[in-house]
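Everything below concerns the one structure shown next.
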Amino acid sequence: METKIVVGEAQSDPDRHLQTMLIRAHRWTRALAAGTSLAEVARAEGCSEAFLRTRSKLAFLSPKIQAAILDGTQPPDCTLTKLVRLPLPLDWQAQERALGV
């Protein structure tokens, strides 16, 4: 469980782990789009297929959310744990509303 204490304005520090996962998710989806199987990508990355499935959805976040993650301005509660567990809609505006971006 992740907990962040916010003092003053609600602005995050860059979440390096989340940034790395976002970048990896794009790499995985490119490999899958090129025809590499999920099992092959998982083997090459040294992780399980379930791990890939839950985190590859980061590549489908709205451009606004992705930009906020990369520049560290996402809401403090916009964590990898939340993004992996939350059933986010495909609609980008609905994603932004759900995450407060």
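No lab work stands behind these numbers, since they all come straight from the coordinates. Keep in mind that this is a model prediction, so the values were computed, not measured.
Calculate, in nm to one decimal, what L86 and A34 gain on full extension: separation in residues at 0.36 nm each, minus their alpha carbon distance.
16.0 nm
For segment 19-28, in order, what is each residue's ³J(HN,Hα) by Karplus, 6.51 cos²θ - 1.76 cosθ + 1.60 with θ = phi - 60°, in whole Hz (x at glycine and Pro)?
Those phi angles translate into 4, 4, 5, 4, 5, 5, 4, 5, 4, 5 Hz.
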